[in-house]
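Quick notes on the structure that follows.
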Ligand SMILES: [Zn+2]
């Protein structure tokens, strides 16, 4: 396939993903949430704690033998369930909570088959660490007292939880199958074909497992996440919450070591080259200057370049990796789009509007300093703002415009100027960092605790994350601003470049 077709295909693919969302006012509703009454069912939160016994077993006696034990439990408990009509329990559930509300004969059968292998006692010992373990008396009869070397058992438990955290992992699928197999043998789930029955009973040795595994997970989600049986689901929820609380209460958080951050380019040389362009711009300004009256288009065009240069060198000086480098990117994107828009519209008056809007803002700030702000902020010098406000015309004649200077937002400006891709690439995401939105904060200051018993929760990092280098993007955007200057005041050929480390 040609490069172009591959790109087109990728474009179509991503387009499809955004398009599959449904627009409702200012919201894009995800395809999953468009299904009416879709209940949020969580494997990790609500069902994993019930099948932890199966994972402990797999980790100790090995997958093959554990699966045979699960199959035997399924066969014996399922068949026994079938023998008696009008049972108190509705399904032969073998999750830790479900087991505790089974009829006694089924419980006895479960324990009898499970503990027929001597190694099982040692494997499942971590279960008695839980003070609120359902059916704890019965488990205790087989597993004994809480051991002295508790730490070792918490470690075993962490290893078992770790293999189940991903609900689609091989081990999680095995455990989800172990939950379902007694239900299959009990006849309470009528599979549609003989094939499906064999896929279950001969798991994992019959048929293509790439097809079988999703089928098992789908049925387990339906039965394990039963929200129609209120008593069962509430009782189970109470246990699973206690499970996670005890895990948290008894074990410590584990902070991953921070990745080493390094500057990947020759910072001094690059900033110095960028700084040199200031002089070239200065020379070019003087060379192309003919008049002394106010020239909004010229001043703005050169101003954009000098200002972009300032922002670029500051972004680079912070090694391109600090949060402020992302803010610099967003500023450069806005400068570029605004400049491009002003050129594209081809209306000389628009340059006047751009300039006069800025003067109006200076006037507004000055008036607020005079009349509203009692404590003058340190960074604002009233005389400076007053001079700016009065520069082009005496302030009293200056109108103040509110809202955006051009009465259209930056996104639309980028469309008019034909540079929406710059908006998408360099404005939207850095804006999250500017506004302190959740994902930006999560990215910079939080990490995921590496203790599996803590359900992948967020903990503060040991230091902020400074890993993504914005240096090449800063240079790219700055050069694009210079390209625009070259378009309106030719010819200016000087461009910035990133200098590699010696
Ligand atoms: Zn933790």
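Read-outs: derived from the displayed coordinates by stated rules, not from any lab. Being a predicted model, the structure only gives us computed values, none of them experimental. For neighbour counting, all protein chains shown are included, and Cβ atoms are generated from backbone atoms with ideal geometry for every residue, glycine included.
Of note:
- Computed over region 267-488, relative contact order equals 30 percent, with contacts defined as Cα pairs under 8 Å that lie 6+ residues apart.
- Percent of C-alpha pairs per 20 Å bin in the chain, short distances first: 17, 35, 25, 19, 4, 0.
- Taking the Kirkwood radius as Rh and the Cα radius of gyration as Rg, region 52-122 has a ratio of Rg/Rh equal to 0.98.
- The chain: angle of helix 170-186 to the longest principal axis, Cα-based, in degrees nearest 10: 40
- Using a cutoff of 8 angstrom between alpha carbon atoms and counting only pairs six or more residues apart, the relative contact order for region 43-250 works out to 33 percent.
- Shape metrics for region 420-502, restricted to C-alpha atoms - Rg then Dmax, Å: 19.0, 64
- Per-pair calculated FRET efficiency, R0 = 25 Å: residue 324 and residue 262 via Cβ, rounded to 0.05: 0.90
- Extension gain, residue 275 back to residue 89 (0.36 nm per residue minus Cα-Cα distance, nm): 59.1 nm
- Region 182-259 - Rg (one decimal) and Dmax (whole number), Cα, Å: 18.4, 53
- Helices in the chain, meaning DSSP H runs of at least 4 residues, each add -39500 (n - 2.57). Divided by all residues, the mean residue ellipticity at 222 nm is -19500 deg cm²/dmol.
- Projected onto its three principal axes, the C-alpha set of region 43-250 covers 50, 37, 33 Å, listed from the longest axis down.
- If the segment from residue 75 to residue 30 were pulled out straight at 0.36 nm per residue, it would be longer than the present Cα-Cα gap by 12.1 nm.
- Along its first, second and third principal axes, ordered by size, region 267-488 spans 71, 44, 35 Å in Cα coordinates.
- Computed lengthening from residue 131 to residue 306, 0.36 nm per intervening residue step minus Cα-Cα distance: 56.2 nm
- Between 0 and 90°, nearest 10: helix 267-288 axis offset from the chain longest Cα axis: 30
- Size descriptors for region 210-318 (Cα atoms only): Rg and Dmax, in that order, 32.2, 86 Å.
- Angle in degrees between helix 296-317 and the longest Cα principal axis of the chain, rounded to the nearest 10: 40
- Percentage of interatomic Cα-Cα distances in region 294-373 larger than 21 Å: 45
- Highest-first packing order for the peptide set 153-166, 338-351, 43-56 is 43-56, 153-166, 338-351, based on the mean count of other beta carbon atoms within 10 Å.
- Whole-number percent relative contact order across the chain, with pairs defined as alpha carbons under 8 Å at least 6 apart: 17
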